[in-house]
1. Given the pairs Lys45/Lys132; Lys29/Lys117; Lys29/Lys142, which are separated by over 23 angstrom at their Cα positions?
2. Give me a comma-separated list of calculated 3J(HN,Hα) values for segment 148-163, in order, Karplus coefficients 6.51, -1.76, 1.60 applied at θ = phi - 60°, integers in Hz, x for any Gly or Pro.
3. Whole number in Å², please: accessible area per residue of segment 59-101, 1.4 Å probe, ligands, DNA and RNA not counted.
4. Taking 0.36 nm per residue of sequence separation and subtracting the Cα-Cα distance, how much length would be gained by fully extending the chain between Lys132 and Glu189, in nm to one decimal?
Amino acid sequence: MPNNFNANVDANFNTPWSLEIFETEIGLKNLSTLHEAVEAGLRMKFPDMVSVETYPRIGRKIPTPCIVIEMSEMEPGHDPGSGQTALIGRFQARVIVDPILDGAELAVRELAARVAKAIHFQTWECPVTPAKLVMIAEDPFKPHLDTYLVWLVEWTHEFDLGDVVPPIPSGSTVVWGVVPNTGRGHESEYWNPALDPPGDFGKSI
């Protein structure tokens with residue numbers, strides 16, 4: 001190869017290029033944000049409730065009527081391809097009523113239906129999919145609540161947890177030219193090394 005061969009990077013000065021500004025999508029920063037939003041949302045919907053709490057410390061006596069909120073499980077969601085972790089969170093709201101009250105059996109069912117209505121299609125102003133109701137039923141699975149009437153309202157949200165990872169920008173293009181026909185004013189004389197060189201390549205200048 002002749003000594004007047006020259007390699008140049010981005011020598012095609014007439015070809016505009018720029019690093020695209022990556023506009024990050026909003027993801028859920030942490031699970032606490034969603035829990036707090038659900039609790040605040042249900043408190044607002046049920047101002048007459050004695051208690052609306054997330055993971056409360058259950059004592060020997062529970063103030064009723066109340067709503068207890070928790071996330072029971074998570075499973076993988078649909079990968080957004082953004083570097084975030086896609087999850088489907090299963091939430092539960094337990095409606096607890098004292099069985100001694102008159103009409104308690106109907107009251108607990110009525111309250112569970114109201115909670116389901118309040119939850120349906122809610123996002124709590126968080127970057128999650130609208131709530132999808134899964135179940136509304138009597139809940140016999142909490143031994144420490146055996147002396148109360150308990151109904152369970154269960155729903156799911158899908159969300160992308162964490163920050164978006166910006167994409168890796170495209171690398172520079174390498175083009176070849178022959179000295180002295182390089183630099184500005186000779187852009188058209190460069191060529192892509194992946195292609196065959198021009199017919200006069202290697203001739204003396």
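The values are calculated or read from the model by the stated rules, or taken from the named source; none is laboratory data. None of the values given here were measured: they were computed from a predicted structure. When the accessible area is computed, the model is the full protein with side chains, heavy atoms only, and any ligands, DNA or RNA have been set aside. Shrake-Rupley method; radii C 1.70, N 1.55, O 1.52, S 1.80 Å.
1. Lys29/Lys117; Lys29/Lys142
2. So the J values, rounded to whole Hz, are 10, 8, 10, 10, 10, 10, 10, 8, 10, 10, 9, 8, 9, 8, x, 8.
3. Working: 2210 Å² over 43 residues.
It amounts to 51 Å² per residue over segment 59-101.
4. Numbers: separation 57, 0.36 × 57 = 20.52 nm, distance 6.16 nm.
Full-extension gain reported as 14.4 nm.
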